[in-house]
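Novice: Submitted below is the structure of interest, expressed as structure tokens.
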Amino acid sequence: MKFILSSVASCSNRIGYIKDIERLPGLMLETPMLLLYAKGGSIPHLTYEVLQMVTKDKQPLHIPISTVAHCHEAVTAFRKGIADFTGLKEYFTFCSIHDPAVATPYGFNDKNTISIWPRNGRKQLDPDKYMDMIEAFQPDMYQALCDGDTDLKSSKKRIHKSIDKSLMFFEKCLERHEKSEVLKKSAILGVVEGGYSIEGREKSAKYLADFPVFGYVIDGLHKNGPDVENLTFEDVREILEESLKHLPNEKFRILHGCWNPGTVLSMVELGIDAFDSSYPYTVTERGGALIFQNCINNLNIPSSATDALNAAEPVTDIELKPETSISAQSSSEPPEKKKISTQEASHAEEDKYVVSKTQGHTTESQSSRLNKIYELSLLDEKYAEDFTPLSRSCSCLTCQKHTRAYIHHLLQTHELLGPVLLTIHNLHHYMEFFKSIREAIKSNSLESLKRCVNERNDVS
Amino acid sequence: MPVIGKKTALRFQIKAKCKVSKARSSSMGVIHHEVDTPVFMPVGTQGTLKGLLPDQLEALGCQIMLGNTYHLGTRPGPSVIMKAGGLHKFMNWNRALLTDSGGFQMVSLLKLAEITEEGVKFQSPYNGSEVMLTPERSIEIQNSIGADIIMQLDDVVRTTTTGPRVEEAMLRTTRWLDRCLGAHQNAATQSIFPIVQGGLSKALRTESVKQLIQRDVPGFAIGGLSGGESKNDFWKMVHLTTDLLPEDKPRYLMGVGFAVDLVVCCALGVDMFDCVFPTRTARFGCALTCSGQLNLKQKKYAKDFQPIDEGCDCSTCERYTRAYLHTIVTVEPVACHLLSVHNIAYQLRLMLSIRESIEQQRFPEFVCKFMANIYTNKEYPQWIVDALAAVNIHLDPADPTAEN
Ligand SMILES: [Zn+2]
Ligand SMILES: [Zn+2]
């Protein structure tokens, strides 16, 4: 397996690709890449059949060990690895330890083990148990065992324990890796720890830099789960730079967690190559649809963007307005009334109008404000009779065939199809976002993309 | 054969009749689809079927789906559905739909339902207020939903009820049919089916049919069965009713969907079936196969790397093993989707085989082989032997066609 980069400048955005994957010789994966988060071996809510309707591209999969640990015995007997076992053998698989979509309980790691939380309860892993599992699962890429139980609040002592333990784990995993026959085709990643300590990051990164690994996971910044989207880039920037600057530039770097899209872009700028899709998953689980602008110069701004901003207004304001939705107004206008050339302008105008309207509202918490800027909540009663798609500019199956009113109904009645339709849209939207990121890097226009995506971040 | 007028919302044409039993293979044309019968209709209670996309259902060969008026009338409500342009558009399903009247759901789901001549009175589970579902209101809601086939409101009694209440319900059902027909607004696009009642009484069933066939209706439902009565009573009532109903109109046996029952009732001349079972059981990890049911939760499947059914061509069996399904059933929603796909594929394939065997005049042989696959020890339940014998199909315990 090879990782090839266009530029290896330190702490800068880069375009690259993984190729010559031993198990999947024809496959080439471009970076910055989105790893599709899988739970229990399947992308949540998507069967293989439906995944094909989202994309026929063989997107790389992210399988957290904690969500498939209960399959260990069966996969061992199966002998063909986790990708084949879960019916997704054509897909590149990366195994991490924890589930990025669920907050990891903390304080359960002892001197020689860490705890994972599969569905049948806590399970303690030491490097040998972990590597037994990896040998059964035979992922194309995996991270070494680590203790990343640190966050903004961790003490110095805890951070150093995490670093030392992780380095000890790493050496044991690497030793097993190098001896293993079945893992000859797999790539191992070192894990950089150090919490929010500059010296800690330096120590961990410098130590790992000399080992023959395919790349690195930057860990120990958070304890997973939906709260990660509230961390800002400024919270992690310095620590991230410190972690990266001591690592060889030409190697692959993953950063897990459900970071919001604005933060992801800033991390791409620092040279992170891969993220997981726990963010769109988290949005789906709370009944949200992503509607942030996911590409540059998309003058045909999704109608839904305006709704998101409506949603960002305090409730009292919404009550004052009758059926506020601007999209409803514009969609009820007979099309012939619109001059072709003004269509784009009118969208832009709507956008401006709403941005200015929402200025001055600072009552909401940062997190709920962010959520409402990037997504709209289909749980909201105001969509009950909204027969427009989630996003008018979106080409996904959900937006082509179903309405907000229908999805609202499905969520109201707790029907399984609700999250299926949201997943189809959210994953599509987020994969398109990653395509835009790669295009923007190639055309040297990452700043413009950042402006588009973050535009609505200024609403406050 | 009746001449098809332009105004009929339903055309029914028998394509082939089994020369031995009462089974028939027909084509039932409704506004949205040309439905081949005998047909199984999966139940999509709230305008969706267990997480499956309309595209997937079409690919599975699903021709007609059932929606529940009680649920849809509550959420999203008739006004939203009407604004959407009907349930077809609301859920983006382009093939046929059938809705029930809502009455059965009320009587079975709501403890406080009370039936008077006016209608079914019940307490709203949402705000506790008293609500009355009259025949007129049921049709009004079903008109807004816009299904191709709609059901009259009937007076539902427990199948096992006896005495004068059964007769009262049967007679009231006819009176309510007339009110339903009077209230119906969309005769050109939607067809009302009356419901044959009469409990387990031959005389009452006969009287019910006698009254209903005097009305101008395009098809008939057989109600009040499959509710806890003995199988012996069940098949006899079906047999009696299909004997009495006109041959040139479709017959819909409500709430029946176990594979064995489908095969027997097709032999007795039934054309349409619905049942929540195949999709409900999927939720609990249960897969249907030609040799019976597999509960994939059981430990014995943990290292079973075969598909659910080697002979199944569904998208689940093409890719997923029993062992993997074992790890996700009842936990991941995806497992429910995968088993629903398989179970619906199984039901629909069974109906296709029935239709083909009728058309090729080998239905009796098909029935024998089917039963031998399910009852591998050839110890057939007596009611099946009797029901099939009543239509001249004889299950021979030593039948040589039962090799597989
Ligand atoms: Zn979409
Ligand atoms: Zn199957």
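The values are calculated or read from the model by the stated rules, or taken from the named source; none is laboratory data. Note that the coordinates shown come from a computational prediction; the quantities given were computed from them, not determined experimentally. Glycine gets a Cβ as well: all are built from the backbone with ideal geometry, and neighbour counts include every protein chain shown.
Novice: If you check B:M91, B:M106, B:M82, which single one turns out to be under 22 Å from B:L181 (Cβ atoms) and either buried (at least 17 other Cβ atoms within 10 Å of the Cβ) or of a type in the set (V, I, T) (or both)?
Specialist: After ruling out the rest, the residue left standing is B:M106.
Novice: Still on this structure, I have one more. When residues of the range A:390-420 are filtered for being closer than 30 Å to A:L449 by Cβ and either assigned by TED's automatic domain parsing to the domain that holds A:I43 or in contact with a Cys (Cβ under 9 Å, 6 or more places away or on another chain) (or both), how many remain? Walk me through it before giving the result.
Specialist: The first filter runs over the range A:390-420 and keeps only residues closer than 30 Å to A:L449 by Cβ, leaving A:390-404, A:407, A:419-420.
Right, trim to either assigned by TED's automatic domain parsing to the domain that holds A:I43 or in contact with a Cys (Cβ under 9 Å, 6 or more places away or on another chain) (or both) and you get A:390-393, A:400.
Looking only at that region, the number is 5.
Novice: Additional query: Check whether at least one residue in the range A:26-37 is within 27 Å of B:S340 (Cβ to Cβ) and crowded, with 22+ Cβ neighbours inside 10 Å, and report yes or no. I'd like the intermediate steps shown before the answer.
Specialist: Step one: list which residues in the range A:26-37 are within 27 Å of B:S340 (Cβ to Cβ), which gives A:36-37.
After this cut, where a residue has to be crowded, with 22+ Cβ neighbours inside 10 Å as well, the list is A:36-37.
Taking every residue of the range A:26-37 in turn, at least one turns out to be within 27 Å of B:S340 (Cβ to Cβ) and crowded, with 22+ Cβ neighbours inside 10 Å.
This table checks each residue for (1) without any contact (Cβ under 8 Å) to a residue 60 or more places away in the chain; (2) within 30 Å of B:F366 (Cα to Cα); (3) within 14 Å of chain A (Cβ to nearest Cβ).
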{"residue": "B:I14", "(1), (2), (3)": "no, yes, no"}
{"residue": "B:A23", "(1), (2), (3)": "no, yes, no"}
{"residue": "B:P42", "(1), (2), (3)": "no, yes, yes"}
{"residue": "B:Q56", "(1), (2), (3)": "no, yes, yes"}
{"residue": "B:T69", "(1), (2), (3)": "no, no, no"}
{"residue": "B:G77", "(1), (2), (3)": "yes, no, yes"}
{"residue": "B:I81", "(1), (2), (3)": "no, no, yes"}
{"residue": "B:L97", "(1), (2), (3)": "no, yes, no"}
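Novice: So which residues in the range A:123-142 are over 20 Å from A:A38 (Cα atoms) and assigned to a loop (DSSP other than H, G, I, E, B), if there are any at all?
Specialist: A:D126
Novice: Follow-up question, since we're still on this one. Looking only at the range A:6-49, count how many residues are small (G, A, S) and away from chain B (no Cβ under 14 Å).
Specialist: Narrowing the range A:6-49 to residues small (G, A, S): A:6-7, A:9-10, A:12, A:16, A:26, A:38, A:40-42.
Now narrow it down to the ones that are away from chain B (no Cβ under 14 Å): A:6-7, A:9-10, A:12, A:16, A:26.
Of the residues in the range A:6-49, 7 are small (G, A, S) and away from chain B (no Cβ under 14 Å).
Novice: From the set of residues in the range A:403-414 that are surrounded by 23 or more Cβ atoms within 10 Å (Cβ to Cβ) and at the interface with another protein chain (Cβ under 7 Å from one of its Cβ atoms), which is nearest to ligand 1 (Cβ to nearest atom)?
Specialist: Among residues in the range A:403-414 that are surrounded by 23 or more Cβ atoms within 10 Å (Cβ to Cβ) and at the interface with another protein chain (Cβ under 7 Å from one of its Cβ atoms), the one nearest to ligand 1 (Cβ to nearest atom) is A:Y406.
Novice: If you go through the range A:72-81 one residue at a time, how many are in contact (Cβ under 8 Å) with a residue 60 or more places away in the chain and among the hydrophobic types (A, V, I, L, M, F, W, C)? Step through it out loud before you land on a result.
Specialist: Applying the first criterion (in contact (Cβ under 8 Å) with a residue 60 or more places away in the chain) to the range A:72-81 yields A:72, A:75-76.
From the residues that got through so far, the ones that are among the hydrophobic types (A, V, I, L, M, F, W, C) too are A:75.
Number of matching residues: 1.
Novice: Step by step: first the residues of the range B:11-70, then only those that are part of a loop (DSSP other than H, G, I, E, B) and among the charged types (D, E, K, R), then the one that is farthest from A:H45 (Cα to Cα). Which residue is that?
Specialist: If we take residues in the range B:11-70 being part of a loop (DSSP other than H, G, I, E, B) and among the charged types (D, E, K, R), then B:K19 is farthest from A:H45 (Cα to Cα).
Novice: Additional query: Would you say B:L338 is within 14 Å of chain A (Cβ to nearest Cβ), at pLDDT 95 or above, within 16 Å of ligand 2 (Cβ to nearest atom) and in contact with a Phe, Trp or Tyr (Cβ under 8 Å, 6 or more places away or on another chain)? First the steps, then the outcome.
Specialist: On the way: within 14 Å of chain A (Cβ to nearest Cβ): yes; at pLDDT 95 or above: yes; within 16 Å of ligand 2 (Cβ to nearest atom): yes; in contact with a Phe, Trp or Tyr (Cβ under 8 Å, 6 or more places away or on another chain): yes.
Against the criterion (within 14 Å of chain A (Cβ to nearest Cβ), at pLDDT 95 or above, within 16 Å of ligand 2 (Cβ to nearest atom) and in contact with a Phe, Trp or Tyr (Cβ under 8 Å, 6 or more places away or on another chain)), B:L338 qualifies.
Novice: Right, something else. Among the residues of the range B:182-189, are any within 24 Å of the chain's Cα centre (by Cα), surrounded by 18 or more Cβ atoms within 10 Å (Cβ to Cβ) and among the β-branched types (V, I, T)?
Specialist: There is no residue in the range B:182-189 that is within 24 Å of the chain's Cα centre (by Cα), surrounded by 18 or more Cβ atoms within 10 Å (Cβ to Cβ) and among the β-branched types (V, I, T).
Novice: Testing B:A287 on (1) buried (at least 22 other Cβ atoms within 10 Å of the Cβ); (2) more than 12 Å from chain A (Cβ to nearest Cβ); (3) more than 25 Å from A:M53 (Cα to Cα), one condition comes back false. Which one is that?
Specialist: (3)
Novice: So which pairs qualify, if the first residue must be in the range B:135-153 and at positive phi, the second must be in a helix (DSSP H, G or I), the Cβ gap must be under 9 Å, and the two must be at least 6 apart or on different chains?
Specialist: B:G146/B:I81; B:G146/B:M82; B:G146/B:L87; B:G146/B:H88; B:G146/B:K89
Novice: From the list B:T330, B:T279, B:T316, B:T321, which residue is on the phi > 0 side of the Ramachandran plot, β-branched (V, I, T) and within 12 Å of chain A (Cβ to nearest Cβ)?
Specialist: When all the criteria are applied, what remains is B:T330.
Novice: Given the criterion within 14 Å of ligand 2 (Cβ to nearest atom), part of a helix (DSSP H, G or I) and surrounded by fewer than 24 Cβ atoms within 10 Å (Cβ to Cβ), identify the matching residue among B:C312, B:C317.
Specialist: B:C317
Novice: Restricted to the range B:276-309, and to residues that are of a type in the set (F, W, Y) and in a loop (DSSP other than H, G, I, E, B), which residue is nearest to ligand 2 (Cβ to nearest atom)?
Specialist: That would be B:F305.
Novice: If you don't mind, there's one more thing I want to ask. Tell me which residues, restricted to the range A:1-41, are within 16 Å of the chain's Cα centre (by Cα) and of a type outside the set (F, W, Y).
Specialist: Correct list: A:E30, A:T31, A:P32, A:M33, A:L34, A:L35, A:L36, A:A38, A:K39.
Novice: Return the residue satisfying two criteria in turn: it lies in the range A:58-80 and is within 24 Å of the chain's Cα centre (by Cα) and among the small types (G, A, S), and of such residues it is farthest from the other protein chains (Cβ to nearest Cβ).
Specialist: By that ranking, first place goes to A:S66.
Novice: Conditions first: (1) within 16 Å of ligand 1 (Cβ to nearest atom); (2) under 22 Å from the mean Cα position of the chain (by Cα). A:Q400 passes all but one, so which condition is the exception?
Specialist: (2)
Novice: If you don't mind, there's one more thing I want to ask. From the residues in the range A:85-115 that are closer than 28 Å to B:C317 by Cβ and in contact with a helix residue (DSSP H, G or I) (Cβ under 7 Å, 6 or more places away or on another chain), which one is surrounded by the fewest Cβ atoms within 10 Å (Cβ to Cβ)?
Specialist: A:K89
Novice: In the range A:382-403, what residues are over 14 Å from B:V80 (Cβ atoms) and outside any loop (DSSP other than H, G, I, E, B)?
Specialist: A:L397, A:T398, A:C399, A:Q400, A:K401
Novice: Looking for something farther than 30 Å from A:L270 by Cβ, more than 11 Å from ligand 1 (Cβ to nearest atom), touching a Ser or Thr at 6+ places or on another chain (Cβ under 8 Å) and part of a helix (DSSP H, G or I) - is there at least one such residue anywhere in the range A:436-446? Steps first, answer last, please.
Specialist: First, the residues of the range A:436-446 that are farther than 30 Å from A:L270 by Cβ: none.
Looking through the range A:436-446, none of the residues is farther than 30 Å from A:L270 by Cβ, more than 11 Å from ligand 1 (Cβ to nearest atom), touching a Ser or Thr at 6+ places or on another chain (Cβ under 8 Å) and part of a helix (DSSP H, G or I).
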